[in-house]
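Any read-out appearing in this document is the output of simple, stated calculations on the displayed coordinates, not a laboratory observation. Nothing here was measured: the structure is a model prediction, and the numbers come from that model. Positions of Cβ are backbone-derived with ideal geometry, glycine not excepted, and every protein chain shown enters the neighbour counts.
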Amino acid sequence: MKTISIRELHQRTGAWVRKAAELGSITVTERGRPVARLEAVEEHGRQSPFRSRKLRPGYKRLMGRLTGGTDTVAIVSEDRLCQHSRRSPMNYKTCAFVFASAALLVSGLTGTAQAQQAGMTFFITSVGSGKGADLGGLAGADRLCQTLAGAVGAGGRTWRAYLSTQASAGAAAVNARDRIGRGPWQNAKGVVIAGNVDELHGNNNLSKQTALNEKDEVVNGRGDTPNRHDILTGTMPDGRSPEGDQDMTCGNWTKSGEGAAIVGHHDRIGLRDDAPSKSWNSSHPSRGCSQDALRGTGGDGLLYCFAAN
């Protein structure tokens, strides 16, 4: 029996519906565990219209809409989407039933995935600000975390970017460890990263396999193309702000040109077999603050986000 993942079903719903009609049945899995089945329907021994080698124009339009991000339940609710089959009531009923089943399946599985991510309390951002290390200060970085969490159903928490700032213009330094709550923190799969702040800055469970983004995806690391393992932190290994006058936070996250920011390696891999190379939060300074400069050392302006409550 053919088996596909939830993600594959989301990405190519129309194609898998047609394949289910051809094969008779497809099992859908979540993390390797069967959770649903997509089955074709044949009425009174009549063959599904999807088994024909060439799809009619109406089916092609429907397939395109199902894979184009349009709400699948809304699509199927419109009778006109199968109207080319009205000349044959059996074909029309088969068309409507198969696509309605697929729509409900996708809708249900999406709800399951978002319910799981609602329990997420840690992630790496899937995108940065697009302006290098200019995040709009701590407020802008927190807003990015909050927005991305909200997009996957986890916006009910207060999200904070794991970033430190340095003392400047009379303002006191801010330590990343002091702004992320008490823990515990878990990723989108429910895997605990650390139980508390001390464990996070000690023997934590953060690695390439566990430091997922908000979409429950592994973030590219060293050896992948492109490498995105440099995560902005501006922080020392203990989670505190760097001392001294040298700028290590790209102007407290307001610069996108010259400057530098301390980054960590989420995959715990660097050029050498030493502690800084394996540090998740304090590996080395960036070459600059622009997007190109961050990419030059294997970064993309990504952040660690923690739920503070």
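Any idea which of 236, 136, 297 is furthest toward the positive side of the dipole for the stretch 120-309, if Lys and Arg beta-carbons carry +1 and Asp and Glu beta-carbons -1?
With unit charges placed on the Cβ atoms, the residue in question is 136.
Taking the highest mean first, how do the peptides 200-211, 252-263 order by number of other beta carbon atoms within 10 angstrom per residue?
The peptides rank, most packed first, as 252-263, 200-211.
Between residue 151 and residue 218, what is 0.36 nm times their sequence separation minus the Cα-Cα distance? Round to one decimal in nm.
Gain in length upon complete extension: 22.4 nm.
Quick one: putting +1 on the C-beta of Lys and Arg, -1 on the C-beta of Asp and Glu, what dipole do you get for the stretch 120-232 around its Cα centre, in Debye to the nearest 20?
So the magnitude is around 100 debye.
Can you pull the one-decimal nm distance between simple spin-label points at residue 246 and residue 199, each 7 Å off the Cα toward Cβ?
3.4 nm
Would you tally the net charge around residue 120, using a Cβ to Cβ cut-off of less than 11 Å, leaving residue 120 out, and scoring K and R as +1, D and E as -1?
Around residue 120, the charge tally is +1.
Tell me which residues come under 5 Å, amide H to amide H, from residue 284 once H is placed; ignore anything under 5 positions away on its chain.
263
May I ask you to compute the full-extension gain from residue 39 to residue 139, defined as 0.36 nm times their residue separation minus their alpha-carbon distance, rounded to one decimal in nm?
Net length gain for the segment: 31.1 nm.
How far apart, in nanometres, would the label points at residue 271 and residue 192 be if each is projected 7 angstrom from Cα along the Cα-to-Cβ direction?
Here the answer is 3.8 nm between the modelled labels.
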